[in-house]
Amino acid sequence: MTAQHLKEQLVALTAQLAGQTLDASLQTWLNTAYGPTSEGYRALHAACLAGVAQGWLCDREAGGLRYGRIFKAAPELQGFSVDVVDMSNIAGPHHSHPLGEIDLIMPIDASARFDDHAAGWLVCPPGSAHHPTVTQGRALVLYLLPQGRIDFTR
């Protein structure tokens, strides 16, 4: 598994997200088309697990979180940047999503929840904000950020 292989998977996914409104209907579509029982979800989950194990994904650490921006916003990713965070029973730093955020929740511990959501997709609309929180175990969360925009609260 390589970063390039993960990027190829994400290029195929983000091509389908181009021009979509980040809202509840997109979340429903993602959980139907790319939900935890789908081949696409399983492939992304396996790629992220391999990247963490190989050390090229989530290669930074601060405040009990392992994280990393694996890809900057790019045309081939439809303007999305890609971050992956490895969290275990922790709340991350508060931030807002000026253009929204799409989260792929990949529990490592089956009971793990991200912002009270189990395995699958969570779409945060433009202007939303939160303390990203994992409870009941450990999970990887892949973030797609339009134009790479995220504003951390001071």
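Of note:
- Which listed residue, of Q54, Q78, is buried (at least 16 other Cβ atoms within 10 Å of the Cβ) and farther than 21 Å from T153 by Cβ: Q78
- Qualifying positions in segment 97-125 - more than 19 Å from L49 (Cβ to Cβ), assigned to a strand (DSSP E or B) and either more than 15 Å from the chain's Cα centre (by Cα) or acidic (D, E) (or both): E101
- Among the residues of segment 14-56, the ones that are in a helix (DSSP H, G or I) and more than 24 Å from A129 (Cα to Cα) come to 20 in all.
- Here D86 meets the list (1) out of contact with any Lys or Arg (no Cβ under 7 Å at 6 or more places or on another chain); (2) within 13 Å of A139 (Cβ to Cβ) almost entirely, failing just condition (1).
Every number in this text was worked out from the coordinates using simple rules, so none of it is lab data. Note that the structure is predicted; figures quoted are calculated from it, not measured. Ideal geometry is used to build each Cβ from the backbone, glycine not excepted, and the neighbour counts take in all protein chains shown.
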